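Following: one structure in structure tokens, then a few remarks.
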Amino acid sequence: MYAVIQTGGKQYVVKPGMKIRIESIKASEGQTVEFEPIMLRKDDGNMEFYKGKVIAQVVAKGKHKKVHIFKFRAKKNYKRWVGHRQPYTEILIKEIKEV
């Protein structure tokens, strides 16, 4: 069984035991969080909608690798370097509960 959850404006397909990196959320390491799934799928292959919860535990918080942005205008003596590191929260999916 798997579930599709939505957090941080993105959707993720998750299974129990899976580790994923999501957009940063307000939860400390070791804390349990719950997500409302968009849909669940049974093992028989039919896509079915259910009410349920996905229970996960926060494993780590951190930042992704730096992304460099370089802006340049020809013949104008304009150069600009900008870097960005997006924060993330790594979670471990514990279980998927049906209500």
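The values are calculated or read from the model by the stated rules, or taken from the named source; none is laboratory data. Treat the numbers as computed from the prediction; the structure is a model and nothing was measured. Glycine also receives a Cβ, built like all others from the backbone with ideal geometry; neighbour counts cover every protein chain displayed.
Some points to look at:
- Enumeration of residues in the range 32-50 that are surrounded by 13 or more Cβ atoms within 10 Å (Cβ to Cβ) and either modelled with pLDDT of 90 or more or of a type in the set (F, W, Y) (or both): V33, F35, Y50
- Only listed residue being surrounded by 10 or more Cβ atoms within 10 Å (Cβ to Cβ), within 30 Å of E98 (Cβ to Cβ), out of contact with any Phe, Trp or Tyr (no Cβ under 9 Å at 6 or more places or on another chain) and modelled with pLDDT of 95 or more, chosen from Q57, Q11: Q57
- Matching strands (runs of 3 or more DSSP E) fully within the range 1-63 where at least 2 residues are among the aliphatic types (A, V, I, L, M) and in contact (Cβ under 8 Å) with a residue 24 or more places away in the chain: 2-7, 19-23, 37-41, 52-63
- Hey, A74 surrounded by fewer than 15 Cβ atoms within 10 Å (Cβ to Cβ), at pLDDT 95 or above, out of contact with any strand residue (DSSP E or B) (no Cβ under 7 Å at 6 or more places or on another chain) and of a type in the set (A, V, I, L, M, F, W, C) or not: yes
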